[in-house]
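> Would you mind keeping the following structure in view while I ask a few things?
The values are calculated or read from the model by the stated rules, or taken from the named source; none is laboratory data. For clarity, every value in this text was computed on a predicted model and none was experimentally measured. A quick note on method: Cβ atoms are made from the backbone with ideal geometry, for glycine too, and the neighbour counts reach across all protein chains shown.
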Amino acid sequence: MSAYALGIDIGTTAVKVILLSEDAIVYQTSAEHHLLSPRHGWAEEDPRQWWSNAAKAVRETLAAVPDARDGIRAIGVSGMVPAIVLLDERGEPLRNSIQQNDARAVREIEEVKGALPQAELFAATGGFTNQQHVLPRLLWVKRNEPDVWSRIHAVMGSYDYVNYKLTGRKSLEMNWAVESGMFDIRSRKWLPETFSGFGLAPQWLPEVFESGDIVGEVGAEAAAETGLKAGIPVIAGSADHVASTLAAGIVEPGELLIKFGGAGDILYCTDEIRPVPELFFDYHVCPGSYLLNGCMASSGSLVKWYAKEFLQDESPDLFARLDRDAQRVAPGSDGLIILPYFLGEKTPIFDPEARGVMFGLSLAHKREHIFRAILESVIYGFRHHIEIIREKGFEPTAIRATNGGAKSRFWCQIAADALNADIRSYPSHPGSALGVAFLAGKTTGVYRSWEQIAGFLTEYRDFRPRKDDAAIYDKSYAIYRKLYEQLKPSFRQVNGLYG
């Protein structure tokens, strides 16, 4: 009988499930759920729906591959981080989750910044207080939902909650703790001052485990709901972006991933705990490795916004046609340069007041110029991150590209030219579910080495930089960098107009 590993990914809009054998992807499926935004700046989801979708997708998988029920050796779950799930004493969610991109805790962020010396916080946690941190969002609950606050029995993340439903055991995975802003990344302990000064109870936080540690086994109740056999080991799992990094074959120091998703991610593998102020920091799932993590607020979402709001075209071949038309435009889009800060910006500038800009427009520009300039702007954002990484003494040795934009040969060639580097793209990359399934299999002996992940990445395309185009992009990128610095005071003024 074949040995299998099962991966479950709790995504923003769907739960994805993947089944791996020793050397192949056997089955994939998904079940959609909803991102909820009941008020401006809020981002919530229903944890119960995550679990019902996971159970549904697992049942479908077992029905499609009947011998998997007896052959699954381990289960791994990945998900958005650091989402916040609050449980009562019965283990039931007290409210919807508060997602990592939720922006409600503005007042609380300033409160934490004033109470915790930021230089010391960075030295301990690898980051400064920001909207992704757990503490400000918990303080928002304390201030605005006292009834919920009084009944909190446990705090955990998205994939930790699904692990709890599978095993009946509460746990936290390491990168939820790292990205909480409350955890010392060297001593691997919670910071006492983040509890004592704000009224949090340390017992709310379950034990923290390494990504590949086994935290429990599938229990009888979960087995009945999913069709799984009771007793299958369940690992602590992984933050989704970290699992995606493994799934792209990033296992050696120096390897770098650019993700063309709705947001843009940049992940650089290193063997040093050496955080960078302009970036986030994570543990890799590979022991002894770490990730410098950049996140651009908009990437593919900017492309979709342009298509919806300006072109009002939902044709299935729209982006293929836009690629074709934009290829007739010269690199640098005939002097049109876009700043992609349409949702403000996270790394590397950490400026929520930054705005999107189209600079250099003339009556000679057409829609294909704007489209090409949008694609170029995202790559300029990637380049900015890579320059930061190099300035800190790190050197990328290989660059890989995944997610939706990696399907576009045109966009990947722009990346090779504007970054002046070889790019390998994976146009059909399965994402986080593959990474966390492989991790579960590695923990239980289905896979012997980290390098075996490459066996699942059989479809790829290689792109090499073109010298003349790279030279044009060097000049355009220099203007891109200057534009933000020149416009920063104006961004402050514009946002001041609206309170």
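> Quick one: would you say residue 376 is of a type in the set (D, E, K, R) and part of a loop (DSSP other than H, G, I, E, B)?
When the stated conditions are applied, residue 376 does not pass them.
> Looking at region 333-366 only, could you name the residues that are within 17 Å of residue 414 (Cβ to Cβ) and surrounded by fewer than 23 Cβ atoms within 10 Å (Cβ to Cβ)?
334, 335, 336, 337, 339
> On to the next question. Given 77, 141, 148, 85, which one is within 23 Å of residue 203 (Cα to Cα), touching a residue at least 60 places away in the same chain (Cβ under 8 Å), crowded, with 16+ Cβ neighbours inside 10 Å and not aromatic (Phe, Trp, Tyr)? Reasoning before the result, please.
On the way: 77 fails: within 23 Å of residue 203 (Cα to Cα); 141 fails: touching a residue at least 60 places away in the same chain (Cβ under 8 Å); 148 fails: crowded, with 16+ Cβ neighbours inside 10 Å.
Answer to the check: 85.
> Sticking with this one: Does residue 451 satisfy the criteria of being outside any helix (DSSP H, G or I), surrounded by fewer than 20 Cβ atoms within 10 Å (Cβ to Cβ) and on the phi < 0 side of the Ramachandran plot? Spell out the reasoning first.
On the way: outside any helix (DSSP H, G or I): no; surrounded by fewer than 20 Cβ atoms within 10 Å (Cβ to Cβ): yes; on the phi < 0 side of the Ramachandran plot: yes.
Answer is no for this residue.
> Evaluate region 19-38: report whether one residue or more is among the aromatic types (Phe, Trp, Tyr), at pLDDT below 95 and in contact with a Leu (Cβ under 8 Å, 6 or more places away or on another chain).
Among the residues of region 19-38, not one is among the aromatic types (Phe, Trp, Tyr), at pLDDT below 95 and in contact with a Leu (Cβ under 8 Å, 6 or more places away or on another chain), which makes the answer no.
> Can you name the residue in region 344-383 that is of a type in the set (Ser, Thr, Tyr) and at pLDDT 95 or above and is also farthest from residue 264 (Cα to Cα) among such residues?
Ranking the candidates gives 362 first.
> Moving on. So, in region 454-468, exactly how many residues are in a loop (DSSP other than H, G, I, E, B) and farther than 23 Å from residue 23 by Cβ?
Selection size over region 454-468: 3.
> Just name the residue that is modelled with the lowest pLDDT out of those in region 234-257 that are in contact with a Ser or Thr (Cβ under 6 Å, 6 or more places away or on another chain) and either of a type in the set (D, E, K, R) or surrounded by fewer than 24 Cβ atoms within 10 Å (Cβ to Cβ) (or both).
Start the filter on region 234-257 by keeping residues that are in contact with a Ser or Thr (Cβ under 6 Å, 6 or more places away or on another chain), which leaves 234-238, 240, 243-244, 248, 253-254, 257.
From the residues that got through so far, the ones that are either of a type in the set (D, E, K, R) or surrounded by fewer than 24 Cβ atoms within 10 Å (Cβ to Cβ) (or both) too are 240, 253-254.
Details: 240: 93, 253: 97, 254: 98.
Here the residue is 240.
> Turning to a different aspect of this structure: Given the condition in contact with a helix residue (DSSP H, G or I) (Cβ under 6 Å, 6 or more places away or on another chain), among the charged types (D, E, K, R) and assigned to a loop (DSSP other than H, G, I, E, B), answer yes or no: does some residue in region 259-282 qualify?
Yes - at least one qualifying residue is present in region 259-282.
> To continue, here is another question. Of 433, 421, which residue is free of Cβ contacts under 8 Å to residues at least 60 places away in the same chain and either part of a helix (DSSP H, G or I) or surrounded by fewer than 21 Cβ atoms within 10 Å (Cβ to Cβ) (or both)?
One residue alone meets the criteria, 421.
> Name the helices (runs of 4 or more DSSP H) wholly within region 154-225 that hold at least 2 residues that are of a type outside the set (D, E, K, R) and surrounded by fewer than 19 Cβ atoms within 10 Å (Cβ to Cβ)? Quick ask: steps written out before the conclusion?
Working: elements: 158-167, 174-179, 193-196.
So the answer is 193-196.
> Would region 460-467 turn up any residue that is of a type in the set (Ser, Thr, Tyr) and in contact with a strand residue (DSSP E or B) (Cβ under 7 Å, 6 or more places away or on another chain)?
For region 460-467, residues of a type in the set (Ser, Thr, Tyr) and in contact with a strand residue (DSSP E or B) (Cβ under 7 Å, 6 or more places away or on another chain): present.
> Residues that are of a type in the set (Asp, Glu), surrounded by fewer than 18 Cβ atoms within 10 Å (Cβ to Cβ) and at pLDDT below 95: does region 392-399 have at least one?
Narrowing region 392-399 to residues of a type in the set (Asp, Glu): 395.
Add one more test, that the residue is surrounded by fewer than 18 Cβ atoms within 10 Å (Cβ to Cβ), and what stays is 395.
Going one step further and asking which of them are at pLDDT below 95, we end up with none.
No, there is no match, as no residue in region 392-399 is of a type in the set (Asp, Glu), surrounded by fewer than 18 Cβ atoms within 10 Å (Cβ to Cβ) and at pLDDT below 95.
> What's the number of the condition residue 409 fails, among (1) touching an Asp or Glu at 6+ places or on another chain (Cβ under 8 Å); (2) outside the structural domain of residue 395 (by TED's automatic domain parsing); (3) charged (D, E, K, R)?
Of the numbered conditions (1) touching an Asp or Glu at 6+ places or on another chain (Cβ under 8 Å); (2) outside the structural domain of residue 395 (by TED's automatic domain parsing); (3) charged (D, E, K, R), the odd one out for residue 409 is (2).
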